[in-house]
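Asker: If you scroll down you'll find the structure; I have some questions about it.
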Amino acid sequence: MADRFLTAVELAREFDVSASVVRRWLRANAIRGTAGWRIDQQTAAAARSHFDTTAARRRAEGQACTVDGCPRAAVGRGLCRMHYNRWHRTGSTDGHDRGAHQKAKTHCPNGHPYDKQNTVVYADGRRRCRTCRRAYGSKSS
């Protein structure tokens, strides 16, 4: 009977970690299965040994992600790696509103407020500070 190959997802369920963590461990140990991430029994045993020895540390760190319904462990700012990356990229953990981190800014880089009198809003939603535009225009003439 042929050996049964496992996947990173199956091992991740067994260790209660994400599949990306298992893949990262496999890459760090220069283990790449054939036809994607098919993992043989010898590699699975090495992975089990590694994840069993780190389980106590994971449980001790085990703060859960603060996003409702997310069972993953928090990495930074109380968010799991996926939600942290989403927050960093879009300014929102739901990932729907691109540019939310720009819209949340209340002042231009030079410290002028983004208010009705001092802000130019372009058709595509970008904002520019009127004071800085005037200063830039006077320098170029």
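Listed here are the residues, each with its yes/no results for (1) at pLDDT 80 or above; (2) in contact with a His (Cβ under 8 Å, 6 or more places away or on another chain).
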{"site": "Gly33", "(1), (2)": "no, no"}
{"site": "Arg48", "(1), (2)": "yes, no"}
{"site": "Ala55", "(1), (2)": "no, no"}
{"site": "Ala60", "(1), (2)": "no, no"}
{"site": "Gln63", "(1), (2)": "no, no"}
{"site": "Val75", "(1), (2)": "no, no"}
{"site": "Thr90", "(1), (2)": "no, yes"}
{"site": "His107", "(1), (2)": "yes, no"}
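Asker: In the stretch 76-93, what residues are surrounded by fewer than 16 Cβ atoms within 10 Å (Cβ to Cβ) and under 21 Å from Ala19 (Cα atoms)?
Answerer: Answer for the stretch 76-93, where residues must be surrounded by fewer than 16 Cβ atoms within 10 Å (Cβ to Cβ) and under 21 Å from Ala19 (Cα atoms): Gly76, Gly78, Asn85.
The values are calculated or read from the model by the stated rules, or taken from the named source; none is laboratory data. Values in this document were obtained by computation on a predicted structure and should not be read as measured data. Methodologically, a virtual Cβ is constructed for each residue, glycine included, from the backbone with ideal geometry; neighbour enumeration extends over all protein chains shown.
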